[in-house]
Structures are given as C-alpha cells and as structure tokens.
Amino acid sequence: MRRVTALQIAAGGAAGLLTSACANNPALAITPETSSGKSLKIWSVHAEDDGDTVLVRGLVRRPALARGMLDGHLHVVARFSDGRPEVIADTRWSRIAPRGSRTGSYAVRLPIADAAAVSHLTVSYAPTADVADTIPGMNP
C-alpha cells in the first residue's frame, strides 16, 4: 500500500483548487518567471486575463529549517514588448504556520486591460519593505 504524506495531500489539494479556480478565465500565453529567496520559495505562479485586470496567483513555501519572522513581500512586474511602462505591484502571502504546512497562497490584480500585450511577467521575493511607486494592496 502506498503512503501519501500530508505535503502531497496539501499540494494536490491546492493544485486542484488553482486549476478549478482558474478555469473561468483564459491563462496568459506567456510563462511567468519566478525568483525565490533563501527564506521563501515561490512554488507556483499562474496569470490569467480577468477582463480589465490580470490576475496573478500562486503558492509560496517556507523551507523546512527556516526559523523566525518572515519579512518582505512578493514583487510582481509585467513588461510589454511595445515599449509602454511596466506595471509593478507588491503583495503578501497568506499566513504560513510555524509548524505543519509551511505553504501559503498569494494573489494580486494588475490593472492591465489588454492582457495579450504582456510579453514578460516576473514574480520575485523581496526581503525588504515595499517600493514607493508600486500599486499597493490590489489583492483580489
């Protein structure tokens, strides 16, 4: 008999949630890039056209031996091939428990009406405070 760990169950359940939740809107044609840090790993990122916005969501995970407070934020940058200014937003993840599941989710809406024009999307972990000229708190 095969044993299933709690992590496999959590990851499988979250993957099913993301798949079912994203079925309503078309995904962007590009593959988003990630840039993790030592204290936070970006596990997944999904971007979809939500009409007048682009919805970016996914999962983050804290490494097993990481301890202490987890500061910082996720920095989301959308770039365009036609030369228009990039759209930048900062977001946080849901609470990550100190024990048990060390996975959290995140989501942010970017004010982009023409999602097909996005040529590059990056989600990165920034261990510092939010940048002043970003779009704050546009969480779904």
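The values are calculated or read from the model by the stated rules, or taken from the named source; none is laboratory data. The model shown is predicted, which means the values in this text are computed figures rather than measured ones. Neighbour counts are summed over all protein chains in view; Cβ atoms, including those assigned to glycine, are modelled from backbone coordinates with ideal geometry. Just the protein is used for accessible areas: all its heavy atoms, side chains included, with ligands, DNA and RNA removed. Shrake-Rupley method; radii C 1.70, N 1.55, O 1.52, S 1.80 Å.
Need at least 1 residues that are among the polar types (S, T, N, Q) and free of Cβ contacts under 8 Å to residues at least 60 places away in the same chain per element, so show me which strands (runs of 3 or more DSSP E) inside region 53-123 make the cut, counting only ones lying wholly within it.
By residue number, 87-91.
Only one of (1) assigned to a loop (DSSP other than H, G, I, E, B); (2) over 18 Å from residue 128 (Cα atoms) is not met by residue 39, so which one is it?
Condition not satisfied by residue 39: (2).
Take the residues in region 21-77 that are in contact with an Asp or Glu (Cβ under 7 Å, 6 or more places away or on another chain) and open to solvent by 30 Å² or more (accessible area, probe 1.4 Å); name whichever of them is modelled with the lowest pLDDT.
The selected residue is 25.
Considering each residue of region 98-133, count those that are of a type in the set (A, V, I, L, M, F, W, C), within 22 Å of residue 60 (Cα to Cα) and open to solvent by 30 Å² or more (accessible area, probe 1.4 Å), and give that number.
Matching residues across region 98-133 total 2.
Collect the residues in region 69-98 that are farther than 23 Å from residue 116 by Cβ and of a type in the set (Phe, Trp, Tyr), keeping them in residue-number order.
93
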